[in-house]
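Just below is one structure, and these are the notes that go with it.
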Amino acid sequence: MSPLPKYLSVFKQLLEAHGGPGFEEDVRNLILPHLSEYAAQIWTDPLGNLVGLVPGVGEGRRPRVLVSAHIDEIALVVTRIEAGGFLRLAQAGGFDPRTLVGQEVLVHTQSGRIFGVIGAKPPHLTPPSERFKAAKLEDLYVDLALPEEEVRSRVRIGDRVTIHRAPLDLLNGRIAGKSVDNRASAAVLLEALALLKGMVHSADLYAVFTVQEEVGLRGARTASFGLAPDIAIAVDVTFGAFPGQAPDESFPLEGGVAISFGPNLHRRVFKRLVDCAEKYGIPYQIELSQRPVGADANAFQISGPGLAAALIGPPIRYMHTSVETVAYDDIWQCARLLAHYVAEVDAAQVEELTCY
């Protein structure tokens, strides 16, 4: 009997956790006990990446494979406290300000979390010149419903603000939430580790839950340099198909793993991933990346002497909003591909990476 997904409920917990760039500790702490089931060694590096080593079998130098999933989410930062206790904001990651109006948020202060809302001028009071224009970020504010004096005593410039929204189960195994990018890939990596436990592999696997991806791939840069793997695979979400989205820039949900191909990505690793998907009946889609990819694989390619990088992931709809939507079956298929690929990596594959 084929194994079933194990981490669906954990995925939903990860969606509810809050972890803007540089403040990922709550997410890291959720993952840690599950990673402990598989890794012989676990550590957190100076930047905050969570690393687990799953050793392969065999004597001598074994192939080294790094697989990453970033765990930070897009967030906001308090820049100013105005009269009345209203908070002005800047971005830590790529929000579209049009999606922020009317959102519930949490302000993360030293004394604890404070609930707030991002309000908007009622349409009745909006002059015609503004009525059909989207609000700019500098025009938005957080209302904490607290006296100004209390706001100033509790909130500091630089405090992080995150969207507050519980995940929502939709039909057909789809889930919507605020941080599917990239907690979906954290679930992929955990599911893959569970599958790999039942396989024999010669490669040493470094499972890395990276930080600060949304502000410049920072965790990927330090982890790949420090670990110096032979192969580095980033797991990250890509664009799901929906009305109005160009068909060559998006991929259907339940279409399986999106395997990226382009100048940031090593063509031999790409071919092995495709061959592996076909060998094990794993549905997949090819994502042609004609420009530099906006994921950890971009940093992997030019880390140290240069690494054999790859990028896979599940498609999601409505990226960088509070209702990002994924099909858990795509997460599961990504996990299957990762596990089978890692199980088949051997010294001969590593040697051929330098043969062009």
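The values are calculated or read from the model by the stated rules, or taken from the named source; none is laboratory data. From a predicted model like this one, the values you see are computed outputs, not experimental measurements. So basically every Cβ, Gly included, is an ideal-geometry build from the backbone, and we count neighbours across all protein chains shown. Remember, those area values only see protein heavy atoms, side chains included, never the ligands or the DNA or RNA. Shrake-Rupley method; radii C 1.70, N 1.55, O 1.52, S 1.80 Å.
List, please: which pairs have Cβ atoms under 8 Å, are six or more places apart or on different chains, and start with a residue in region 277-294 that is over 17 Å from residue 313 (Cβ atoms) and end with one that is surrounded by 10 or more Cβ atoms within 10 Å (Cβ to Cβ) and among the aliphatic types (A, V, I, L, M)?
Between residues of region 277-294 that are over 17 Å from residue 313 (Cβ atoms) and residues that are surrounded by 10 or more Cβ atoms within 10 Å (Cβ to Cβ) and among the aliphatic types (A, V, I, L, M), the close pairs are 280/337.
Of (1) under 27 Å from residue 253 (Cβ atoms); (2) in a helix (DSSP H, G or I); (3) charged (D, E, K, R), residue 291 satisfies all except one. Which?
Exception for residue 291: condition (2).
Quick check on residue 99: is it among the hydroxyl-bearing types (Ser, Thr, Tyr) and touching a Leu at 6+ places or on another chain (Cβ under 9 Å)?
Judged against the criteria, residue 99 is not a match.
Out of 239, 270, report the one residue that is among the aromatic types (Phe, Trp, Tyr) and either modelled with pLDDT under 95 or not in a strand (DSSP E or B) (or both).
Just a single option satisfies the conditions, and that option is 270.
Check residue 161 against each of (1) in a loop (DSSP other than H, G, I, E, B); (2) modelled with pLDDT of 95 or more and name the one condition it does not meet.
The single condition residue 161 does not satisfy is (1).
For region 138-156, name all the residues that are surrounded by 12 or more Cβ atoms within 10 Å (Cβ to Cβ), among the hydrophobic types (A, V, I, L, M, F, W, C) and modelled with pLDDT of 95 or more.
142, 144, 146, 151, 155
Looking at 242, 225, 270, 209, which is the one that is aromatic (Phe, Trp, Tyr), in contact with a Phe, Trp or Tyr (Cβ under 6 Å, 6 or more places away or on another chain), at negative phi and touching a residue at least 40 places away in the same chain (Cβ under 8 Å)?
The unique qualifying residue is 270.
Taking the options 39, 69, name whichever one is assigned to a strand (DSSP E or B), out of contact with any Cys (no Cβ under 8 Å at 6 or more places or on another chain) and small (Gly, Ala, Ser).
Only one candidate qualifies: 69.
Within region 281-317, count every residue that is over 13 Å from residue 184 (Cβ atoms), of a type outside the set (Gly, Ala, Ser) and open to solvent by 10 Å² or more (accessible area, probe 1.4 Å).
Number of matching residues: 16.
Considering each residue of region 23-39, count those that are open to solvent by 40 Å² or more (accessible area, probe 1.4 Å) and aliphatic (A, V, I, L, M), and give that number.
Of the residues in region 23-39, 2 are open to solvent by 40 Å² or more (accessible area, probe 1.4 Å) and aliphatic (A, V, I, L, M).
Considering 227, 205, which residue is surrounded by fewer than 24 Cβ atoms within 10 Å (Cβ to Cβ), over 30 Å from residue 77 (Cα atoms), at pLDDT 95 or above and among the hydrophobic types (A, V, I, L, M, F, W, C)?
Just a single option satisfies the conditions, and that option is 227.
Quick check on residue 135: is it out of contact with any Gly (no Cβ under 8 Å at 6 or more places or on another chain) and either open to solvent by less than 80 Å² (accessible area, probe 1.4 Å) or over 22 Å from residue 83 (Cβ atoms) (or both)?
yes
If you scan region 297-356, which residues turn out to be part of a strand (DSSP E or B) and closer than 22 Å to residue 211 by Cβ?
Once the filter is applied, which keeps residues that are part of a strand (DSSP E or B) and closer than 22 Å to residue 211 by Cβ, region 297-356 yields 309, 310, 311, 312, 313, 316, 324, 326.
For region 242-267, give me each residue that is assigned to a loop (DSSP other than H, G, I, E, B), open to solvent by 20 Å² or more (accessible area, probe 1.4 Å) and touching a Lys or Arg at 6+ places or on another chain (Cβ under 8 Å).
Listed by number, the list holds a single entry, 242.
For residues in region 175-202 being of a type in the set (A, V, I, L, M), open to solvent by less than 10 Å² (accessible area, probe 1.4 Å) and touching a Gly at 6+ places or on another chain (Cβ under 9 Å), which is nearest to residue 13 (Cα to Cα)?
Only one residue tops the list, namely 184.
Quick one: which residue in 90, 69, 83, 75 is touching a Ser or Thr at 6+ places or on another chain (Cβ under 9 Å), open to solvent by 20 Å² or more (accessible area, probe 1.4 Å) and aliphatic (A, V, I, L, M)?
90
Given (1) modelled with pLDDT of 95 or more; (2) open to solvent by less than 40 Å² (accessible area, probe 1.4 Å); (3) not in a strand (DSSP E or B), where does residue 47 come up short, assuming only one miss?
(2)
Just give me the residues in region 133-148 being outside any loop (DSSP other than H, G, I, E, B) and touching a residue at least 40 places away in the same chain (Cβ under 8 Å), in sequence order.
137, 138, 142, 143, 148
Yes or no: residue 113 among the basic types (Lys, Arg), farther than 30 Å from residue 339 by Cβ and assigned to a strand (DSSP E or B)?
Judged against the criteria, residue 113 is a match.
Among the residues of region 85-101, are any part of a helix (DSSP H, G or I) and touching a helix residue (DSSP H, G or I) at 6+ places or on another chain (Cβ under 6 Å)?
There is at least one residue in region 85-101 that is part of a helix (DSSP H, G or I) and touching a helix residue (DSSP H, G or I) at 6+ places or on another chain (Cβ under 6 Å).
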